[in-house]
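The block underneath contains the structure these notes are about, expressed in structure tokens.
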Amino acid sequence: MQELKIIGGKPLYGSVRISGAKNAALPALAATLLTDGVTTLSNMPDVRDIDSMCKLLQALGARIKRQEYSISVDTRMVNKWNAPHELVRKMRASVLVMGPLLARFGKAEVSLPGGCTIGNRPIDLHIAAMKKLGAEVSLVKGDTHLVSKRLSGTHIYFDRPTVTGTENVMMAAVKADGKTVLENAAREPEIVDLAEMLSKMGAQITGAGSDKIVIEGVQTLVPTSHKIIPDRIEAGTYAVAAAMTGGEVSLTDMKPEMISSLLSKLRAAGCTVSETDNSITVSGKPPFMPVDISTAEYPGFPTDLQAQFMAMMCLSNGESVVAENIFEDRFKHVPELNRLGADIVIKDRNAIVRGVNSLTGAIVTASDLRASASLVLAGLVAEDETRVLRIYHLDRGYDSMDKKLAELGADIKRTEGPNP
Ligand code: UD1
């Protein structure tokens, strides 16, 4: 099993190109199933979750061609509609094929999802919405079977905003009879990107990016080409890394407005951030001013940057409170950060972070994607050597993180660790 060895204490300098957004690329791949032809997606990140989604599409009969950062999906031979358990188990976003398969074939069989261990993550809202669109749903040996001769436009109110739920239902409703209205829909930039791609395919969608999305169903969708938006979570992670290490890093090919909640917190912590339309330059130096964060749906502070910002707050000169409101069990990084010398106490859904003067290297274990990133950031500033084990979590969502950090001056090496 691979691990990262990091010798902390090197400030990061230079510039790093931000990759395409994993969380936009995954629904875009699923959306190719809606058409009968070849769709080409560019600016695709080279991460494990994309490999998993490609495998899933291939298992359904699609043909995939990858060239650098572009992926072409030929969906003419797709002749299956079941997402097998061994693939869904590895990646929760596999559930995104449900909407397109139902829209195209009138049936979909999807196993209950796995993915990051960040709490109970049901798909009840996806299923309830598919039922409202007219799907009959049954549970067969752990797989959810959905069948519908024709989906019919309807009014759907999400009890809480769900990102993949909104995407899944959008992809089902684009070919339904009549009008579908989604209320309390998620507003993330990845939803807007998917709506743009679907519109290029011929779908009629308005309101994406607001909490009310209106979809007029159409008979046919056609293949298209689409460039994926930049990864706001990757950008946020490098912004925090630059500040934590006392360096100065420019992030290019990104959209600053997509992480404005983070940038305002960085400024409040004493960092300097300058912005252009498609880049930012971040510098900072510990000790930071203590800053509280409270995760929320977009445009609030993203839960996917909570662990990284907490790592930074370990080096503040006071006490900060990190409130996690999206997932109930997303503090798995806390005991590991404490092993590096942090002082963090969990109280219900809050983590109380008391700043310390320095962190010290240790062996830590990654438990989920963003928790892994926070351990790497902590390792970059910890004295001596930090070994981050189980970095396959990191590889699910960060394109060449070790290489990008090394190019910025970090002392970081990927090694084959001992087998467990
Ligand atoms: C997506 C992102 C993930 C991010 C999360 C929140 C992708 C591939 N993943 O995950 O990186 O952390 O948004 O920004 O885009 N919920 C239910 N029932 C449902 C669906 C969700 O109760 O049917 C709950 C979840 O348990 C969670 C909350 O709603 O508490 C939000 O989850 P959701 O937005 O659905 O997250 P994902 O789409 O899985």
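The values are calculated or read from the model by the stated rules, or taken from the named source; none is laboratory data. The model shown is predicted, which means the values in this text are computed figures rather than measured ones. When we count neighbours, we look across all protein chains shown, and the Cβ atoms used for this are built from the backbone with ideal geometry, even at glycine.
Annotations for the structure displayed:
- Matching residues in segment 358-380 - criterion: being of a type outside the set (A, V, I, L, M, F, W, C) and either under 18 Å from Ala242 (Cα atoms) or more than 16 Å from the ligand (Cβ to nearest atom) (or both): Ser358, Thr360, Gly361, Thr365, Arg370, Ser372, Ser374, Gly379
- Residue within segment 328-336 that is touching a Lys or Arg at 6+ places or on another chain (Cβ under 6 Å) and either within 16 Å of the ligand (Cβ to nearest atom) or not hydroxyl-bearing (Ser, Thr, Tyr) (or both) present: no
- Checklist (1) surrounded by fewer than 20 Cβ atoms within 10 Å (Cβ to Cβ); (2) not assigned by TED's automatic domain parsing to the domain that holds Ala351 applied to Glu275, failing item: (2)
- Criterion: under 21 Å from Lys141 (Cβ atoms) and surrounded by fewer than 17 Cβ atoms within 10 Å (Cβ to Cβ) - qualifying residue of Arg89, Arg66, Arg76: Arg89
- Looking across segment 224-268, the residues that are crowded, with 22+ Cβ neighbours inside 10 Å, outside any strand (DSSP E or B), within 17 Å of the chain's Cα centre (by Cα) and not aliphatic (A, V, I, L, M) come down to Asp231, Arg232, Glu234, Gly236, Thr237, Tyr238.
- Just one of the numbered conditions (1) in contact with a Pro (Cβ under 9 Å, 6 or more places away or on another chain); (2) acidic (Asp, Glu); (3) over 22 Å from Ala268 (Cβ atoms) is not true of Glu319: (3).
- Answer residue from segment 155-198, given it is of a type in the set (Gly, Ala, Ser), away from the ligand (no atom under 11 Å from the Cβ) and assigned to a helix (DSSP H, G or I) and is surrounded by the most Cβ atoms within 10 Å (Cβ to Cβ) among those: Ala173
- Residue list for segment 297-327, filter: within 16 Å of the ligand (Cβ to nearest atom) and either more than 27 Å from Asn23 (Cβ to Cβ) or not in a helix (DSSP H, G or I) (or both): Glu297, Tyr298, Pro299, Gly300, Phe301, Pro302, Val322, Ala323, Glu324, Asn325, Ile326, Phe327
- Residue pairs whose Cβ atoms lie under 6 Å apart, separated by 6 or more positions or on different chains, with the first residue in segment 173-197 and outside the structural domain of Ile259 (by TED's automatic domain parsing) and the second aromatic (Phe, Trp, Tyr) and at pLDDT 95 or above, are Glu183/Tyr157; Asn184/Tyr157; Asn184/Phe158; Arg187/Tyr298; Glu188/Tyr298.
- Out of Asp348, Asp343, Asp368, sole residue that is at pLDDT below 95 and within 17 Å of Phe309 (Cα to Cα): Asp368
- Screening Leu221 against (1) more than 13 Å from the ligand (Cβ to nearest atom); (2) in a helix (DSSP H, G or I) leaves a single unmet condition, (2).
- Matching residues in segment 282-296 - criterion: being surrounded by fewer than 21 Cβ atoms within 10 Å (Cβ to Cβ), more than 12 Å from Leu266 (Cα to Cα) and within 26 Å of the chain's Cα centre (by Cα): Ser294, Ala296
- Total residues in segment 267-294, condition among the aliphatic types (A, V, I, L, M), over 22 Å from Glu190 (Cβ atoms) and in contact with a helix residue (DSSP H, G or I) (Cβ under 8 Å, 6 or more places away or on another chain): 5
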